[in-house]
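First comes the structure, then the notes that go with it.
The values are calculated or read from the model by the stated rules, or taken from the named source; none is laboratory data. Only a predicted model underlies this, so the values are computations on that prediction, with no experimental measurement involved. Ideal geometry is used to build each Cβ from the backbone, glycine not excepted, and the neighbour counts take in all protein chains shown.
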Amino acid sequence: MPRKTGETREQKKTRAAKVVKGLKGRYPKAATALEYSTPHELLVATVLAAQCTDKKVNEVTKSLFRKYRSPEDFAKARLSALEKMIKPTGFFRNKSKSIKTLSGEIVEKYGGQVPEKLEALVQLAGVGRKTANVVRAAVFGKPGIVVDTHMIRLAGRLGFTGEKDPVKIEFALMDILPRRVWGDFSFMIVLHGRETCKARKPLCHICPVEKHCPSSPGYSETS
């Protein structure tokens, strides 16, 4: 658990800016690790990534996207065929239903084009704020904070919020980070969580933002 800093909102915003700068130095080209060539492919890949690694999803989508090339293809697909192809990602029955349904919705309501607005995306089957913000940030360049397991863990360790609910974490971070960095921050946090600030044993000694992190031994309130 992070030490309580007693920061004001403005002080926390200042420290958050230093964290963003430090992470950009380490991860200057941070982006989603999911492989895709269209907004719909990323949407499908992100749905598949729930409770599954990006590496496994990329293995599955390599053949999946060769067979199904458009929202129309997915909407017409047999559920049994989809289930068989995506089974390695887990929860394949629910995921296949969501993918087929959301693809049909995109065809019927949006002419086969993935909508950009958050409000429209979260109305699609199986799409929550996390999935919607991944697509908005990666494909459309829209501001969005992606709250996954890495963000939940690191937002707490960095002392940015004590919230546990993903939506509350998202809004807490929106309050201290400028809109222009929301997407980049999200993708940098994923990389940082995988490589350095690991769940079981954070590697504080090689962390580029150690002195700005209340959970680290090198934290300094004056840095």
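Which of the residues that make up region 39-58 are more than 20 Å from GLN123 (Cβ to Cβ), in contact (Cβ under 8 Å) with a residue 12 or more places away in the chain and among the hydroxyl-bearing types (Ser, Thr, Tyr)? Once the filter is applied, which keeps residues that are more than 20 Å from GLN123 (Cβ to Cβ), in contact (Cβ under 8 Å) with a residue 12 or more places away in the chain and among the hydroxyl-bearing types (Ser, Thr, Tyr), region 39-58 yields nothing. Scanning region 66-80 for any residue that is at pLDDT 95 or above, closer than 30 Å to HIS192 by Cβ and over 15 Å from the mean Cα position of the chain (by Cα) turns up nothing. Looking across region 152-211, the residues that are β-branched (Val, Ile, Thr) and part of a helix (DSSP H, G or I) come down to ILE152, VAL167, ILE169, ILE176, VAL181, ILE189, VAL190, ILE206. Within region 37-95, the set of residues being surrounded by fewer than 22 Cβ atoms within 10 Å (Cβ to Cβ), of a type in the set (Lys, Arg) and closer than 21 Å to VAL114 by Cβ comprises LYS62, ARG66, LYS67, ARG69, LYS76.
If only residues of region 152-192 that are touching a residue at least 24 places away in the same chain (Cβ under 8 Å) and charged (D, E, K, R) are counted, the one that is surrounded by the fewest Cβ atoms within 10 Å (Cβ to Cβ) is ARG180. Could you please tell me which pairs satisfy a Cβ distance under 8 Å, a separation of 6+ or placement on different chains, a first residue in region 99-118 that is on the phi > 0 side of the Ramachandran plot, and a second residue that is among the acidic types (Asp, Glu)? Note: pairs meeting the criteria are GLY112/GLU72.
Quick grid of which residues meet (1) at pLDDT 95 or above; (2) under 19 Å from GLU35 (Cα atoms); (3) among the charged types (D, E, K, R); (4) part of a loop (DSSP other than H, G, I, E, B):
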{"position": "GLU83", "(1), (2), (3), (4)": "yes, no, yes, no"}
{"position": "LYS95", "(1), (2), (3), (4)": "yes, yes, yes, no"}
{"position": "GLY112", "(1), (2), (3), (4)": "yes, no, no, yes"}
{"position": "PRO115", "(1), (2), (3), (4)": "yes, no, no, yes"}
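The C-beta contact set for region 205-223 (first residue within 16 Å of LEU23 (Cα to Cα) and touching a residue at least 60 places away in the same chain (Cβ under 8 Å), second residue of a type in the set (A, V, I, L, M, F, W, C) and buried (at least 20 other Cβ atoms within 10 Å of the Cβ), distance under 6 angstrom, 6+ apart or interchain) comprises VAL209/VAL19; HIS212/VAL19; CYS213/LEU158; TYR219/CYS213.
Where residues in region 193-223 are hydrophobic (A, V, I, L, M, F, W, C) and crowded, with 19+ Cβ neighbours inside 10 Å, which of them is nearest to ARG129 (Cα to Cα)? Per the stated criteria, the residue is CYS197.
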